[in-house]
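Each remark here refers to the structure printed beneath this line.
A short reminder: the numbers here are calculations on the coordinates, not readings from a lab. As the structure is a prediction and not an experimental result, all values here were calculated from the model. Virtual Cβ from ideal backbone geometry, glycine too; neighbours counted across all protein chains shown.
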Amino acid sequence: MNTGFFGDITSIPFEGEQSTNPLAFRHYNPDEMVAGKRMEDHLRFAVCYWHNFAWPGSDPFGGLTFERPWFDGTNNNDPMTNAKLKADIAFEMFSALGVPYYCFHDADVRPEGSNFKENTANLNEIVDYLEQKMADTGLKLLWGTANLFSHRRFMAGAATNPNPDIFAFAAATVKTCIDATHRLGGENYVLWGGREGYETLLNTRPGKELDQLGRFLNMVVEYKHKIGFKGTILVEPKPQEPTKHQYDYDVATVYGFLKRHGLENEVKMNIEQGHAILAGHTFEHELALAADLGIFGSIDMNRNDYQSGWDTDQFPNNVPEMALAYYQILKAGGFTTGGTNFDAKLRRQSIEPDDLLIAHIGGMDCCARGLKAAAAIIEDGTLDNFVDDRYSGWTTAENKKMLDGEMTLSDIADRVERDDVNPQPVSGRQEYLENIINRFV
Ligand code: XUL
Ligand code: CO
């Protein structure tokens, strides 16, 4: 049964570059082969429940602008009936877009109960419902996660809360969400820091809170192994917002934290474009660093407004930036369990149901163009050859000795004096390389 929310639109076709149909793909063609693999298998698109689909259009100055039939209070249904209607419409949207995956937080899919037991019962009832919808549509779950930041009990954090009862409530909630993710065949489980951070040192012990977080994450990993969950545990870094000092600031910070707690081989990164920019980096910096540290996992492909300085969660539309991102992802070997989740909201004046579809079509087309450009840059080889050549001095036996522990500072000083090592600067050729990129984007 179709709810009729999207009128008679049930699928978005690929029509090619010449198309002017706003409800058709111009670049995203799932079966098209790119660098030896289907486009769909490279990109592994996921639509998330919370921002992409269910965002109500509120901002700090005003409430909802979107009218959605599943909102409590807009009809006489009880909360569970609304949650099922919401799932019906969500799956209509996922299916129309033809994405292989979706993602959710517990709080997106189930009504809030009055205590932990009711939350769990509600979640399990909805998971039964989602399981059936996944079987009917073939949709898969990229990742599940727990919302440990919206309810007021989490205002001072979840795992990093000064109150052990909140730590316990959060741990119990994460257990139920890993169970739900496991049952639905989820390929990853995500922990975004939410309110894991602080506002003022006047009431906070950061070292104590970080130790709590370390034990919490170790328990998550222990539980994953205990139940045989084969998915990847992902942490999503973000530098500021909602708290002034977020503990999971960026990839480098999280890597140090993982090392300290013995988790660097167990946990990988879900890197969000907008979060990377807020941290003062580029997206591709965060991707490249995670890949080099062996902790690249998945991405949230939503951008921010560059002027605003906060997390505006917009659909991506900058192809040159995305080409550089997918270039790093392809160089890292592509996604394994991860994928391209959007985590993007409509602007609050985009109130029509088909605005939801149009936003995704644009985002998916831009990703497809970015991927194709990245594959072409690699196929061309000029950039990679330049970089290989730039580091080629390190391949000689004598230079390798400086790094493999065979030489001391004094040995090196002796060598430099003996051989009169007198290096001449070499051009980095940035503009030349930028011009090469511009041939493909
Ligand atoms: C918040 C954010 C979250 C996570 C999931 O900025 O990105 O939506 O992706 O909790
Ligand atoms: Co995100």
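Between rounded, prolate and oblate, where does the stretch 316-392 land on the alpha carbon gyration tensor, with a ≥ b ≥ c its root eigenvalues, rounded for a/c under 1.5, else prolate if a/b exceeds b/c? Here the stretch 316-392 falls in the prolate category. For the peptides 35-41, 296-302, 353-359, residues were scored by their other Cβ atoms within 10 Å and the scores averaged per peptide; the highest-first order is 296-302, 353-359, 35-41. For the stretch 33-380, the antiparallel share of DSSP beta bridges with both residues in that region comes to about 20%.
The distance between label points at Arg153 and Glu67 comes to 3.6 nm (points 7 Å beyond Cα on the Cα→Cβ vector). Each peptide among 228-235, 204-211 gets the average number of other Cβ atoms lying within 10 Å of its residues, and from highest to lowest they stand as 228-235, 204-211. Modelled label positions at Ser308 and Glu431, each set 7 Å beyond Cα in the direction of Cβ, lie 3.6 nm from each other. If R0 is 51 Å, the Cβ-Cβ spacing of Glu32 and Leu210 corresponds to a FRET efficiency of close to 0.65. Helix 164-183 and the longest principal axis of the Cα set of the chain meet at an angle near 90°. Our coupling estimate for the stretch 232-240, obtained by passing each phi through the Karplus curve with A = 6.51, B = -1.76, C = 1.60 and θ = phi - 60°, is 9, 8, 10, 9, 10, x, 7, x, 8 Hz, Gly and Pro reported as x.
Within the same chain, lysines fewer than 8 places from Lys208 are excluded, and of the rest, those with a Cα less than 19 Å from its Cα are Lys244, Lys259. Amide H contacts under 5 Å for Glu272: Asp300, restricted to partners 5 or more places along the chain or on a different chain, H placed in the peptide plane at 1.01 Å from N.
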